[in-house]
Amino acid sequence: MTHNNMGWNFDNSYARLPERFFESTEPTQVSSPKTNLFNKQLAEDLGLDINELQTESGTAIFAGNTIPEGAQPIAQAYAGHQFGNFTMLGDGRAVMLGEQITPAGKRKDIQLKGSGRTPFSRGGDGRATLGPMLREYIISESMHALGIPTNRSLAVVTTGESVRREIDLPGAVLTRVADSHLRIGTFEYAARWGSEEELRMLADYAINRHYPDIEDNSDRYLTFFREVVKQQAELIAEWQLVGFIHGVMNTDNMTISGETIDYGPCAFMDEYDPTTVFSSIDVQGRYAYQNQPGIGQWNLARFAEALLPLLHEKQEHAINQAKEILGEYKEFYDDYWLAGMKKKLGLHNHEEQDEVLIQDLLDIMEEHDADFTNTFRALTLDKPEKTPMHDTSAFSDWHNRWQERISRQGETKDAAFQLMKQSNPNVIPRNHLVEEALEAAVQKGDYTLTERLIEVLSAPYAYTDKQEPYTELPEPSDRPYQTYCGT
Ligand code: AMP
Ligand code: MG
(Lines give C-alpha, C1' and ligand atoms only; values in the text may rest on other atoms or scores of the structure.)
(Ligands and ions follow the chains in the order given, each with its own letter.)
Protein backbone atom coordinates (compact mmCIF):
# COMPACT_ATOMS: atom_id res chain seq x y z
CA MET A 1 0.00 0.00 0.00
CA THR A 2 1.45 3.34 -1.01
CA HIS A 3 -0.75 5.46 1.19
CA ASN A 4 -2.96 4.99 4.16
CA ASN A 5 -6.59 4.56 3.18
CA MET A 6 -7.54 3.58 6.74
CA GLY A 7 -8.24 0.00 5.76
CA TRP A 8 -11.28 0.79 3.64
CA ASN A 9 -11.89 -2.01 1.20
CA PHE A 10 -15.07 -1.12 -0.58
CA ASP A 11 -17.07 -2.94 -3.14
CA ASN A 12 -20.38 -1.53 -4.35
CA SER A 13 -22.42 -4.49 -5.50
CA TYR A 14 -25.78 -2.92 -4.67
CA ALA A 15 -24.94 0.04 -6.89
CA ARG A 16 -24.47 -2.40 -9.78
CA LEU A 17 -28.19 -3.23 -9.63
CA PRO A 18 -30.39 -1.34 -12.14
CA GLU A 19 -30.54 2.40 -11.52
CA ARG A 20 -34.11 2.13 -10.38
CA PHE A 21 -32.89 0.83 -7.04
CA PHE A 22 -30.91 3.86 -5.90
CA GLU A 23 -29.94 7.48 -6.46
CA SER A 24 -26.35 8.61 -6.41
CA THR A 25 -26.08 11.21 -3.70
CA GLU A 26 -23.41 12.71 -1.50
CA PRO A 27 -23.63 13.39 2.21
CA THR A 28 -24.05 17.09 3.04
CA GLN A 29 -20.94 18.78 4.46
CA VAL A 30 -21.11 19.75 8.11
CA SER A 31 -19.30 22.58 9.86
CA SER A 32 -17.41 21.19 12.83
CA PRO A 33 -17.69 17.46 13.33
CA LYS A 34 -16.50 15.73 16.44
CA THR A 35 -16.41 12.00 17.16
CA ASN A 36 -18.21 11.14 20.38
CA LEU A 37 -18.42 7.38 20.21
CA PHE A 38 -16.21 5.04 18.27
CA ASN A 39 -16.48 1.27 18.27
CA LYS A 40 -12.87 0.08 18.19
CA GLN A 41 -13.62 -3.63 18.31
CA LEU A 42 -16.06 -3.40 15.43
CA ALA A 43 -13.64 -1.25 13.45
CA GLU A 44 -10.96 -3.86 13.94
CA ASP A 45 -13.26 -6.66 12.81
CA LEU A 46 -14.00 -4.61 9.72
CA GLY A 47 -10.29 -4.40 8.97
CA LEU A 48 -10.11 -0.66 9.60
CA ASP A 49 -7.19 1.30 10.96
CA ILE A 50 -8.38 2.30 14.41
CA ASN A 51 -5.65 4.84 14.98
CA GLU A 52 -6.25 6.71 11.75
CA LEU A 53 -9.99 6.64 12.27
CA GLN A 54 -9.54 8.39 15.59
CA THR A 55 -7.88 11.36 13.93
CA GLU A 56 -9.60 14.30 12.26
CA SER A 57 -9.55 12.43 8.95
CA GLY A 58 -11.56 9.62 10.52
CA THR A 59 -14.07 12.05 11.95
CA ALA A 60 -14.42 13.68 8.52
CA ILE A 61 -15.45 10.32 7.09
CA PHE A 62 -17.98 9.58 9.82
CA ALA A 63 -19.42 13.06 9.35
CA GLY A 64 -19.78 12.63 5.60
CA ASN A 65 -17.28 15.42 4.87
CA THR A 66 -14.81 13.06 3.17
CA ILE A 67 -15.77 10.13 1.00
CA PRO A 68 -13.37 7.25 1.65
CA GLU A 69 -11.54 5.76 -1.29
CA GLY A 70 -13.58 3.21 -3.20
CA ALA A 71 -16.93 4.26 -1.76
CA GLN A 72 -19.82 5.05 -4.10
CA PRO A 73 -22.38 6.99 -2.06
CA ILE A 74 -26.03 6.28 -2.81
CA ALA A 75 -29.45 6.52 -1.25
CA GLN A 76 -31.43 3.30 -1.59
CA ALA A 77 -34.93 3.25 -3.01
CA TYR A 78 -37.62 1.33 -1.21
CA ALA A 79 -41.28 1.43 -0.35
CA GLY A 80 -43.14 -0.02 2.59
CA HIS A 81 -46.28 -0.49 4.58
CA GLN A 82 -46.23 2.01 7.43
CA PHE A 83 -48.82 1.15 10.08
CA GLY A 84 -50.57 -0.85 7.37
CA ASN A 85 -50.49 1.72 4.55
CA PHE A 86 -48.37 1.33 1.45
CA THR A 87 -46.13 4.25 0.55
CA MET A 88 -42.96 5.19 -1.33
CA LEU A 89 -40.01 5.82 0.99
CA GLY A 90 -36.28 5.42 0.32
CA ASP A 91 -33.29 6.62 2.32
CA GLY A 92 -34.39 10.12 3.20
CA ARG A 93 -31.66 10.79 5.70
CA ALA A 94 -29.12 8.07 5.13
CA VAL A 95 -26.34 7.53 2.63
CA MET A 96 -24.81 4.17 1.87
CA LEU A 97 -21.09 4.55 1.35
CA GLY A 98 -20.62 1.04 0.04
CA GLU A 99 -19.85 -2.46 1.24
CA GLN A 100 -16.73 -3.03 3.26
CA ILE A 101 -15.16 -6.41 2.53
CA THR A 102 -13.72 -7.49 5.85
CA PRO A 103 -10.47 -9.43 6.40
CA ALA A 104 -12.68 -12.48 7.07
CA GLY A 105 -14.27 -11.99 3.65
CA LYS A 106 -17.62 -10.72 4.92
CA ARG A 107 -19.54 -8.00 3.09
CA LYS A 108 -20.91 -5.24 5.32
CA ASP A 109 -22.94 -2.18 4.35
CA ILE A 110 -21.48 1.03 5.71
CA GLN A 111 -24.19 3.65 6.03
CA LEU A 112 -24.27 7.16 7.40
CA LYS A 113 -27.55 8.03 9.09
CA GLY A 114 -28.44 11.71 9.50
CA SER A 115 -26.12 12.84 6.72
CA GLY A 116 -28.41 15.30 5.00
CA ARG A 117 -31.08 15.46 2.36
CA THR A 118 -31.33 12.93 -0.46
CA PRO A 119 -33.67 12.63 -3.47
CA PHE A 120 -35.95 10.62 -1.12
CA SER A 121 -36.16 13.18 1.68
CA ARG A 122 -39.58 14.55 0.71
CA GLY A 123 -40.28 17.29 3.26
CA GLY A 124 -37.62 16.13 5.74
CA ASP A 125 -34.30 17.78 6.54
CA GLY A 126 -32.29 14.57 6.20
CA ARG A 127 -30.83 15.15 9.64
CA ALA A 128 -30.67 13.24 12.88
CA THR A 129 -30.22 14.51 16.42
CA LEU A 130 -27.67 13.35 18.96
CA GLY A 131 -29.93 11.67 21.54
CA PRO A 132 -31.58 9.18 19.18
CA MET A 133 -28.28 8.35 17.45
CA LEU A 134 -26.64 7.58 20.80
CA ARG A 135 -29.71 5.58 21.71
CA GLU A 136 -29.43 3.51 18.53
CA TYR A 137 -25.73 2.95 19.22
CA ILE A 138 -26.37 1.75 22.78
CA ILE A 139 -29.33 -0.47 22.00
CA SER A 140 -28.01 -2.01 18.77
CA GLU A 141 -24.69 -2.85 20.41
CA SER A 142 -26.56 -4.30 23.37
CA MET A 143 -28.67 -6.44 21.04
CA HIS A 144 -25.51 -7.70 19.40
CA ALA A 145 -24.06 -8.62 22.78
CA LEU A 146 -27.30 -10.41 23.62
CA GLY A 147 -26.69 -12.58 20.57
CA ILE A 148 -29.58 -11.17 18.56
CA PRO A 149 -29.01 -10.48 14.85
CA THR A 150 -28.77 -6.73 14.37
CA ASN A 151 -27.08 -4.00 12.47
CA ARG A 152 -24.24 -2.46 14.45
CA SER A 153 -22.93 0.96 15.29
CA LEU A 154 -19.45 2.08 14.39
CA ALA A 155 -19.43 5.74 15.37
CA VAL A 156 -21.47 8.74 16.42
CA VAL A 157 -20.28 12.21 15.51
CA THR A 158 -21.86 15.51 16.34
CA THR A 159 -21.99 17.88 13.39
CA GLY A 160 -21.58 21.18 15.22
CA GLU A 161 -24.87 22.25 13.71
CA SER A 162 -28.24 22.36 15.35
CA VAL A 163 -31.25 20.53 14.03
CA ARG A 164 -34.71 21.97 14.36
CA ARG A 165 -37.22 19.64 15.95
CA GLU A 166 -39.70 21.08 18.46
CA ILE A 167 -36.62 22.82 19.78
CA ASP A 168 -33.06 23.16 18.47
CA LEU A 169 -31.07 20.01 19.15
CA PRO A 170 -27.48 19.03 18.42
CA GLY A 171 -27.16 17.32 15.04
CA ALA A 172 -25.38 14.00 14.75
CA VAL A 173 -24.47 11.30 12.28
CA LEU A 174 -24.42 7.60 13.12
CA THR A 175 -22.33 5.16 11.09
CA ARG A 176 -24.22 1.89 10.83
CA VAL A 177 -22.90 -1.48 9.75
CA ALA A 178 -25.24 -4.17 8.44
CA ASP A 179 -25.22 -7.44 6.52
CA SER A 180 -27.34 -5.43 4.13
CA HIS A 181 -30.15 -2.91 4.13
CA LEU A 182 -32.36 -4.98 1.83
CA ARG A 183 -35.84 -4.72 3.25
CA ILE A 184 -39.21 -6.25 2.57
CA GLY A 185 -39.94 -2.73 1.36
CA THR A 186 -37.19 -2.99 -1.26
CA PHE A 187 -39.11 -5.88 -2.80
CA GLU A 188 -42.43 -4.09 -2.52
CA TYR A 189 -40.82 -1.21 -4.38
CA ALA A 190 -39.50 -3.51 -7.13
CA ALA A 191 -42.84 -5.28 -7.48
CA ARG A 192 -44.76 -2.03 -7.74
CA TRP A 193 -42.50 0.06 -9.98
CA GLY A 194 -39.92 -2.27 -11.48
CA SER A 195 -40.14 -4.76 -14.33
CA GLU A 196 -40.34 -8.45 -13.60
CA GLU A 197 -36.75 -8.66 -14.78
CA GLU A 198 -35.70 -6.07 -12.19
CA LEU A 199 -37.59 -7.87 -9.45
CA ARG A 200 -35.80 -11.05 -10.42
CA MET A 201 -32.44 -9.29 -10.36
CA LEU A 202 -33.15 -8.01 -6.87
CA ALA A 203 -34.17 -11.47 -5.66
CA ASP A 204 -31.08 -13.05 -7.22
CA TYR A 205 -28.97 -10.38 -5.58
CA ALA A 206 -30.51 -11.04 -2.16
CA ILE A 207 -30.16 -14.79 -2.53
CA ASN A 208 -26.54 -14.48 -3.54
CA ARG A 209 -25.82 -12.17 -0.66
CA HIS A 210 -27.74 -13.81 2.16
CA TYR A 211 -28.76 -17.32 1.16
CA PRO A 212 -26.03 -18.53 -1.23
CA ASP A 213 -26.68 -22.16 -0.29
CA ILE A 214 -30.00 -22.15 -2.14
CA GLU A 215 -28.67 -20.55 -5.32
CA ASP A 216 -28.78 -23.77 -7.31
CA ASN A 217 -32.12 -24.84 -5.94
CA SER A 218 -34.68 -25.49 -8.68
CA ASP A 219 -37.39 -23.75 -6.64
CA ARG A 220 -35.05 -21.00 -5.60
CA TYR A 221 -37.53 -18.13 -5.13
CA LEU A 222 -39.89 -20.25 -3.12
CA THR A 223 -36.99 -21.52 -1.04
CA PHE A 224 -35.78 -17.95 -0.67
CA PHE A 225 -39.17 -16.92 0.68
CA ARG A 226 -39.12 -19.83 3.09
CA GLU A 227 -35.63 -18.91 4.33
CA VAL A 228 -36.67 -15.33 5.02
CA VAL A 229 -39.80 -16.56 6.80
CA LYS A 230 -37.65 -18.77 8.99
CA GLN A 231 -35.13 -16.02 9.68
CA GLN A 232 -37.78 -13.49 10.65
CA ALA A 233 -39.58 -16.02 12.85
CA GLU A 234 -36.34 -16.67 14.68
CA LEU A 235 -35.53 -12.98 15.02
CA ILE A 236 -38.89 -12.06 16.46
CA ALA A 237 -38.78 -15.02 18.84
CA GLU A 238 -35.45 -13.68 20.08
CA TRP A 239 -36.99 -10.26 20.65
CA GLN A 240 -39.81 -11.80 22.67
CA LEU A 241 -37.38 -13.79 24.79
CA VAL A 242 -35.61 -10.66 26.04
CA GLY A 243 -38.64 -8.36 26.12
CA PHE A 244 -37.52 -6.17 23.22
CA ILE A 245 -40.19 -4.07 21.58
CA HIS A 246 -39.18 -2.73 18.18
CA GLY A 247 -41.90 -0.12 18.01
CA VAL A 248 -42.08 0.42 14.23
CA MET A 249 -42.35 -2.94 12.52
CA ASN A 250 -43.23 -1.35 9.21
CA THR A 251 -42.24 -3.45 6.20
CA ASP A 252 -39.47 -0.99 5.32
CA ASN A 253 -37.89 -1.75 8.68
CA MET A 254 -37.83 -5.53 8.27
CA THR A 255 -34.72 -6.96 6.66
CA ILE A 256 -34.25 -9.82 4.23
CA SER A 257 -31.14 -10.87 6.16
CA GLY A 258 -33.11 -11.26 9.39
CA GLU A 259 -31.24 -8.52 11.22
CA THR A 260 -32.89 -6.01 13.51
CA ILE A 261 -32.72 -2.53 11.94
CA ASP A 262 -34.12 0.95 12.33
CA TYR A 263 -33.96 1.51 16.03
CA GLY A 264 -36.42 4.31 16.49
CA PRO A 265 -38.89 4.19 19.34
CA CYS A 266 -37.77 0.72 20.44
CA ALA A 267 -37.34 -0.17 24.11
CA PHE A 268 -37.08 -3.09 26.50
CA MET A 269 -40.02 -3.83 28.71
CA ASP A 270 -39.58 -3.66 32.46
CA GLU A 271 -42.60 -5.31 34.10
CA TYR A 272 -44.14 -8.08 32.07
CA ASP A 273 -47.25 -6.89 30.30
CA PRO A 274 -47.98 -8.34 26.86
CA THR A 275 -49.84 -5.19 25.82
CA THR A 276 -46.81 -2.95 26.35
CA VAL A 277 -46.31 -0.18 23.78
CA PHE A 278 -43.66 2.51 24.20
CA SER A 279 -43.98 4.50 21.02
CA SER A 280 -46.04 7.65 21.35
CA ILE A 281 -47.22 7.42 17.74
CA ASP A 282 -48.45 3.83 18.04
CA VAL A 283 -51.81 4.85 19.46
CA GLN A 284 -53.58 1.67 18.33
CA GLY A 285 -50.94 -0.56 19.88
CA ARG A 286 -50.35 -2.20 16.50
CA TYR A 287 -46.75 -2.94 17.44
CA ALA A 288 -47.34 -3.94 21.07
CA TYR A 289 -45.14 -6.69 22.52
CA GLN A 290 -47.76 -9.38 22.11
CA ASN A 291 -48.48 -8.37 18.51
CA GLN A 292 -44.91 -8.59 17.25
CA PRO A 293 -45.05 -12.26 16.17
CA GLY A 294 -48.32 -11.76 14.28
CA ILE A 295 -47.09 -8.54 12.65
CA GLY A 296 -44.02 -10.47 11.51
CA GLN A 297 -46.31 -12.78 9.60
CA TRP A 298 -48.35 -9.90 8.21
CA ASN A 299 -45.15 -8.30 6.92
CA LEU A 300 -44.05 -11.57 5.36
CA ALA A 301 -47.39 -11.76 3.56
CA ARG A 302 -46.51 -8.40 1.95
CA PHE A 303 -43.15 -9.89 1.01
CA ALA A 304 -44.91 -12.90 -0.56
CA GLU A 305 -47.17 -10.62 -2.59
CA ALA A 306 -44.12 -8.85 -3.96
CA LEU A 307 -42.48 -12.14 -4.90
CA LEU A 308 -45.55 -13.71 -6.57
CA PRO A 309 -44.47 -13.14 -10.19
CA LEU A 310 -41.29 -15.10 -9.48
CA LEU A 311 -42.95 -17.99 -7.70
CA HIS A 312 -45.06 -19.38 -10.53
CA GLU A 313 -46.36 -18.15 -13.88
CA LYS A 314 -49.90 -18.99 -12.84
CA GLN A 315 -50.82 -16.49 -10.15
CA GLU A 316 -53.26 -18.76 -8.40
CA HIS A 317 -50.62 -21.43 -8.12
CA ALA A 318 -48.09 -18.91 -6.83
CA ILE A 319 -50.53 -17.70 -4.19
CA ASN A 320 -51.18 -21.21 -2.95
CA GLN A 321 -47.48 -21.96 -2.68
CA ALA A 322 -46.82 -18.74 -0.81
CA LYS A 323 -49.73 -19.35 1.54
CA GLU A 324 -48.42 -22.76 2.42
CA ILE A 325 -45.03 -21.38 3.42
CA LEU A 326 -46.55 -18.44 5.22
CA GLY A 327 -48.53 -21.01 7.20
CA GLU A 328 -45.26 -22.50 8.41
CA TYR A 329 -44.26 -19.21 10.03
CA LYS A 330 -46.19 -19.85 13.20
CA GLU A 331 -44.63 -23.26 13.59
CA PHE A 332 -41.14 -21.85 13.09
CA TYR A 333 -41.86 -19.08 15.53
CA ASP A 334 -43.40 -21.35 18.18
CA ASP A 335 -40.49 -23.77 17.92
CA TYR A 336 -37.87 -21.04 18.37
CA TRP A 337 -39.77 -19.40 21.17
CA LEU A 338 -40.39 -22.64 23.06
CA ALA A 339 -36.78 -23.74 22.67
CA GLY A 340 -35.64 -20.33 23.95
CA MET A 341 -38.06 -20.32 26.87
CA LYS A 342 -36.96 -23.79 27.91
CA LYS A 343 -33.37 -22.62 27.98
CA LYS A 344 -34.41 -19.67 30.12
CA LEU A 345 -35.82 -22.18 32.60
CA GLY A 346 -32.86 -24.55 32.40
CA LEU A 347 -34.78 -27.33 30.68
CA HIS A 348 -32.60 -29.56 28.57
CA ASN A 349 -35.08 -32.18 27.44
CA HIS A 350 -38.74 -32.05 26.55
CA GLU A 351 -41.86 -32.90 28.48
CA GLU A 352 -45.45 -32.66 27.35
CA GLN A 353 -46.34 -30.12 30.04
CA ASP A 354 -43.47 -27.68 29.45
CA GLU A 355 -45.56 -25.16 27.58
CA VAL A 356 -48.08 -25.10 30.38
CA LEU A 357 -45.32 -24.62 32.93
CA ILE A 358 -43.96 -21.68 30.95
CA GLN A 359 -47.34 -20.07 30.36
CA ASP A 360 -48.25 -20.41 34.02
CA LEU A 361 -45.13 -18.49 35.00
CA LEU A 362 -45.88 -15.76 32.48
CA ASP A 363 -49.45 -15.49 33.78
CA ILE A 364 -48.22 -15.10 37.36
CA MET A 365 -45.66 -12.52 36.26
CA GLU A 366 -48.34 -10.56 34.44
CA GLU A 367 -50.74 -10.66 37.34
CA HIS A 368 -48.15 -9.31 39.77
CA ASP A 369 -46.39 -6.86 37.45
CA ALA A 370 -43.14 -8.77 37.81
CA ASP A 371 -40.11 -7.41 36.02
CA PHE A 372 -39.47 -9.55 32.94
CA THR A 373 -35.67 -9.60 33.03
CA ASN A 374 -35.28 -9.76 36.79
CA THR A 375 -37.74 -12.60 37.23
CA PHE A 376 -35.57 -14.85 35.07
CA ARG A 377 -32.48 -13.36 36.66
CA ALA A 378 -33.68 -14.29 40.15
CA LEU A 379 -34.48 -17.82 38.99
CA THR A 380 -31.01 -18.05 37.44
CA LEU A 381 -29.34 -16.87 40.63
CA ASP A 382 -31.64 -19.14 42.64
CA LYS A 383 -32.27 -16.18 44.88
CA PRO A 384 -35.86 -15.11 45.48
CA GLU A 385 -36.34 -11.36 45.22
CA LYS A 386 -38.38 -9.15 47.48
CA THR A 387 -41.22 -8.54 45.11
CA PRO A 388 -44.98 -8.90 45.48
CA MET A 389 -44.90 -11.86 43.10
CA HIS A 390 -42.32 -13.80 45.07
CA ASP A 391 -44.51 -13.65 48.17
CA THR A 392 -47.50 -15.32 46.57
CA SER A 393 -48.45 -18.95 46.96
CA ALA A 394 -49.12 -19.11 43.22
CA PHE A 395 -45.46 -18.36 42.63
CA SER A 396 -44.14 -20.76 45.26
CA ASP A 397 -46.38 -23.54 43.90
CA TRP A 398 -45.05 -22.83 40.46
CA HIS A 399 -41.52 -22.78 41.79
CA ASN A 400 -41.98 -26.23 43.31
CA ARG A 401 -43.34 -27.61 40.05
CA TRP A 402 -40.39 -26.12 38.21
CA GLN A 403 -37.88 -27.60 40.68
CA GLU A 404 -39.48 -31.02 40.30
CA ARG A 405 -39.38 -30.66 36.56
CA ILE A 406 -35.67 -29.88 36.66
CA SER A 407 -34.89 -32.81 38.90
CA ARG A 408 -36.61 -35.16 36.43
CA GLN A 409 -34.10 -34.44 33.66
CA GLY A 410 -30.81 -36.27 33.30
CA GLU A 411 -28.63 -33.18 33.66
CA THR A 412 -27.40 -31.96 37.02
CA LYS A 413 -28.90 -28.91 38.66
CA ASP A 414 -25.65 -27.14 37.96
CA ALA A 415 -26.02 -27.81 34.27
CA ALA A 416 -29.52 -26.36 34.38
CA PHE A 417 -28.31 -23.17 36.05
CA GLN A 418 -25.44 -22.96 33.58
CA LEU A 419 -27.90 -23.07 30.70
CA MET A 420 -30.00 -20.39 32.38
CA LYS A 421 -27.03 -18.14 32.85
CA GLN A 422 -26.33 -18.29 29.14
CA SER A 423 -29.93 -17.59 28.27
CA ASN A 424 -31.09 -14.95 30.74
CA PRO A 425 -29.34 -11.61 30.51
CA ASN A 426 -28.25 -10.08 33.78
CA VAL A 427 -28.43 -6.62 32.26
CA ILE A 428 -30.47 -5.04 29.50
CA PRO A 429 -30.55 -1.40 28.33
CA ARG A 430 -33.21 -0.35 30.78
CA ASN A 431 -35.01 2.79 29.74
CA HIS A 432 -34.14 4.82 32.81
CA LEU A 433 -30.44 3.96 32.45
CA VAL A 434 -30.42 4.85 28.78
CA GLU A 435 -32.24 8.12 29.44
CA GLU A 436 -29.88 9.08 32.23
CA ALA A 437 -26.84 8.42 30.05
CA LEU A 438 -28.27 10.30 27.09
CA GLU A 439 -29.20 13.28 29.20
CA ALA A 440 -25.64 13.69 30.49
CA ALA A 441 -24.26 13.34 26.97
CA VAL A 442 -26.70 15.65 25.23
CA GLN A 443 -27.06 18.30 27.97
CA LYS A 444 -23.52 18.36 29.32
CA GLY A 445 -21.39 16.68 26.68
CA ASP A 446 -20.47 14.13 29.35
CA TYR A 447 -20.11 10.65 27.87
CA THR A 448 -18.97 8.86 31.04
CA LEU A 449 -22.34 7.26 31.76
CA THR A 450 -22.88 6.34 28.11
CA GLU A 451 -19.49 4.68 27.84
CA ARG A 452 -19.95 2.81 31.11
CA LEU A 453 -23.39 1.64 30.06
CA ILE A 454 -22.10 0.39 26.71
CA GLU A 455 -19.31 -1.45 28.53
CA VAL A 456 -21.67 -3.13 31.01
CA LEU A 457 -24.11 -4.09 28.26
CA SER A 458 -21.35 -5.65 26.19
CA ALA A 459 -21.36 -8.76 28.39
CA PRO A 460 -24.99 -9.28 29.43
CA TYR A 461 -24.48 -12.88 30.52
CA ALA A 462 -21.39 -12.24 32.62
CA TYR A 463 -23.19 -11.84 35.97
CA THR A 464 -20.40 -9.73 37.46
CA ASP A 465 -20.66 -7.65 40.64
CA LYS A 466 -19.95 -4.56 38.60
CA GLN A 467 -23.27 -5.12 36.80
CA GLU A 468 -25.30 -5.15 40.01
CA PRO A 469 -26.33 -1.45 40.03
CA TYR A 470 -27.54 -1.82 36.46
CA THR A 471 -30.03 -4.49 37.43
CA GLU A 472 -32.03 -2.18 39.66
CA LEU A 473 -35.52 -1.21 38.63
CA PRO A 474 -36.62 2.29 37.71
CA GLU A 475 -38.37 4.48 40.24
CA PRO A 476 -42.13 4.53 39.79
CA SER A 477 -41.76 8.16 38.65
CA ASP A 478 -39.89 6.96 35.55
CA ARG A 479 -42.99 5.15 34.35
CA PRO A 480 -44.85 4.77 32.18
CA TYR A 481 -42.01 5.19 29.77
CA GLN A 482 -42.68 6.67 26.35
CA THR A 483 -40.50 6.87 23.25
CA TYR A 484 -40.81 9.38 20.46
CA CYS A 485 -40.35 9.17 16.74
CA GLY A 486 -39.14 12.76 16.38
CA THR A 487 -35.68 11.43 15.80
P1 AMP B 1 -37.76 5.58 9.83
O2 AMP B 1 -38.85 5.98 10.75
O3 AMP B 1 -36.38 5.97 10.27
O4 AMP B 1 -37.85 4.15 9.40
O5 AMP B 1 -38.00 6.44 8.51
C6 AMP B 1 -39.12 6.32 7.67
C7 AMP B 1 -38.91 7.10 6.39
O8 AMP B 1 -38.82 8.50 6.67
C9 AMP B 1 -37.63 6.76 5.67
O10 AMP B 1 -37.85 6.89 4.29
C11 AMP B 1 -36.67 7.81 6.18
O12 AMP B 1 -35.60 8.01 5.32
C13 AMP B 1 -37.58 9.03 6.24
N14 AMP B 1 -37.11 10.04 7.22
C15 AMP B 1 -37.11 9.95 8.57
N16 AMP B 1 -36.61 11.07 9.12
C17 AMP B 1 -36.26 11.89 8.11
C18 AMP B 1 -35.67 13.20 8.02
N19 AMP B 1 -35.34 13.89 9.12
N20 AMP B 1 -35.46 13.70 6.80
C21 AMP B 1 -35.78 13.03 5.70
N22 AMP B 1 -36.34 11.80 5.70
C23 AMP B 1 -36.58 11.24 6.89
MG1 MG C 1 -37.00 2.91 8.27
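Please tell me if Thr150 is surrounded by fewer than 23 Cβ atoms within 10 Å (Cβ to Cβ) and more than 13 Å from ligand 1 (Cβ to nearest atom).
no
Report yes if some residue within the range 424-431 is outside the structural domain of Phe268 (by TED's automatic domain parsing) and either surrounded by fewer than 19 Cβ atoms within 10 Å (Cβ to Cβ) or on the phi > 0 side of the Ramachandran plot (or both); otherwise report no.
Within the range 424-431 (the criterion being outside the structural domain of Phe268 (by TED's automatic domain parsing) and either surrounded by fewer than 19 Cβ atoms within 10 Å (Cβ to Cβ) or on the phi > 0 side of the Ramachandran plot (or both)), the answer is no, since none of the residues qualifies.
Would you mention how many residues in the range 463-477 are surrounded by 15 or more Cβ atoms within 10 Å (Cβ to Cβ) and of a type outside the set (S, T, N, Q)?
The total comes to 4.
Restricting the range 159-190 to residues that are under 24 Å from Thr255 (Cα atoms), among the small types (Gly, Ala, Ser) and out of contact with any Leu (no Cβ under 6 Å at 6 or more places or on another chain), which is surrounded by the most Cβ atoms within 10 Å (Cβ to Cβ)?
Gly185
Being part of a helix (DSSP H, G or I) and of a type in the set (D, E, K, R) is the filter; apply it to the range 423-443 and report the residue that is nearest to Gln240 (Cα to Cα).
Among residues in the range 423-443 that are part of a helix (DSSP H, G or I) and of a type in the set (D, E, K, R), the one nearest to Gln240 (Cα to Cα) is Glu435.
Which members of the range 259-307 meet the condition of being more than 28 Å from Tyr211 (Cα to Cα), of a type in the set (Gly, Ala, Ser) and free of Cβ contacts under 8 Å to residues at least 40 places away in the same chain?
Across the range 259-307, the qualifying residue is only Gly285.
Filter the range 270-281 for residues that are in a loop (DSSP other than H, G, I, E, B) and buried (at least 22 other Cβ atoms within 10 Å of the Cβ); which is farthest from ligand 2 (Cβ to nearest atom)?
Taking the candidates together, the pick is Tyr272.
Can you name the condition, by its number, that Lys230 falls short on among (1) open to solvent by less than 10 Å² (accessible area, probe 1.4 Å); (2) closer than 30 Å to Gly346 by Cβ; (3) not small (Gly, Ala, Ser)?
Among (1) open to solvent by less than 10 Å² (accessible area, probe 1.4 Å); (2) closer than 30 Å to Gly346 by Cβ; (3) not small (Gly, Ala, Ser), the lone unmet condition for Lys230 is (1).
Got a sec? Which helices (runs of 4 or more DSSP H) wholly within the range 171-256 have at least 2 residues that are within 15 Å of ligand 1 (Cβ to nearest atom)?
Result: 184-193.
The rows are residues; the columns are (1) closer than 30 Å to Thr483 by Cβ; (2) open to solvent by 10 Å² or more (accessible area, probe 1.4 Å); (3) at pLDDT 95 or above.
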position	(1), (2), (3)
Leu379	yes, no, yes
Lys383	no, yes, no
His390	yes, yes, no
Gln403	no, yes, yes
Phe417	no, yes, yes
Leu433	yes, yes, yes
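Looking at the range 122-140, is at least one residue in the same structural domain as Tyr14 (by TED's automatic domain parsing), over 30 Å from Lys444 (Cα atoms), within 14 Å of ligand 1 (Cβ to nearest atom) and not hydrophobic (A, V, I, L, M, F, W, C)?
Yes, the range 122-140 contains at least one residue that is in the same structural domain as Tyr14 (by TED's automatic domain parsing), over 30 Å from Lys444 (Cα atoms), within 14 Å of ligand 1 (Cβ to nearest atom) and not hydrophobic (A, V, I, L, M, F, W, C).
Being over 28 Å from Trp398 (Cβ atoms) and outside any helix (DSSP H, G or I): is that true of Gln284 here?
Answer is yes for this residue.
Which condition breaks for Thr450 when tested against (1) farther than 30 Å from Gly126 by Cα; (2) open to solvent by less than 40 Å² (accessible area, probe 1.4 Å)?
The single condition Thr450 does not satisfy is (1).
Cβ-Cβ distance below 6 Å, separation of 6 or more or different chains: which pairs start in the range 165-180 with a residue that is without any contact (Cβ under 8 Å) to a residue 40 or more places away in the chain and end on one that is surrounded by fewer than 22 Cβ atoms within 10 Å (Cβ to Cβ)?
Note: pairs meeting the criteria are Asp168/Ser162.
Yes or no, residue by residue, for (1) touching a Lys or Arg at 6+ places or on another chain (Cβ under 7 Å); (2) assigned to a helix (DSSP H, G or I):
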residue	(1), (2)
Glu331	no, yes
Ala339	no, yes
Glu355	no, yes
Asp363	no, yes
Phe376	yes, yes
Glu385	no, no
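From the residues in the range 77-108 that are farther than 18 Å from Thr186 by Cα and either part of a loop (DSSP other than H, G, I, E, B) or in contact with a Cys (Cβ under 7 Å, 6 or more places away or on another chain) (or both), which one is least open to solvent (accessible area, probe 1.4 Å)?
Going through the qualifying residues, I end up with Thr102.
Please indicate, with yes or no, whether at least one residue in the range 66-75 is within 15 Å of ligand 2 (Cβ to nearest atom), more than 20 Å from the chain's Cα centre (by Cα), open to solvent by less than 10 Å² (accessible area, probe 1.4 Å) and not assigned by TED's automatic domain parsing to the domain that holds Leu199.
yes
Report whether or not Tyr205 is within 29 Å of Glu26 (Cβ to Cβ), over 19 Å from the mean Cα position of the chain (by Cα) and crowded, with 18+ Cβ neighbours inside 10 Å.
yes
May I ask you to say which residue of Asn51, Asn36 is more than 16 Å from ligand 1 (Cβ to nearest atom) and either aromatic (Phe, Trp, Tyr) or buried (at least 16 other Cβ atoms within 10 Å of the Cβ) (or both)?
Asn36
Write out, first by first residue and then by second, each pair whose Cβ atoms fall under 8 Å of each other, whose residues are 6+ apart or on separate chains, and whose first residue, in the range 76-90, is away from ligand 2 (no atom under 12 Å from the Cβ) while the second is assigned to a strand (DSSP E or B) and open to solvent by less than 10 Å² (accessible area, probe 1.4 Å).
Phe86/Ala79; Phe86/Gly80; Met88/Ala79
Taking Asn374 as meeting all but one of (1) among the polar types (S, T, N, Q); (2) within 24 Å of Gly296 (Cβ to Cβ); (3) out of contact with any Gly (no Cβ under 9 Å at 6 or more places or on another chain), write down the number of the exception.
(2)
The values are calculated or read from the model by the stated rules, or taken from the named source; none is laboratory data. Predicted model only: the values in this text are computed from it and were never measured. No Cβ is skipped: glycine too gets one built from the backbone with ideal geometry, and neighbour counts run over all protein chains shown. What goes into the accessible areas is simple: the full protein's heavy atoms, side chains included, and nothing from ligands, DNA or RNA. Shrake-Rupley method; radii C 1.70, N 1.55, O 1.52, S 1.80 Å.
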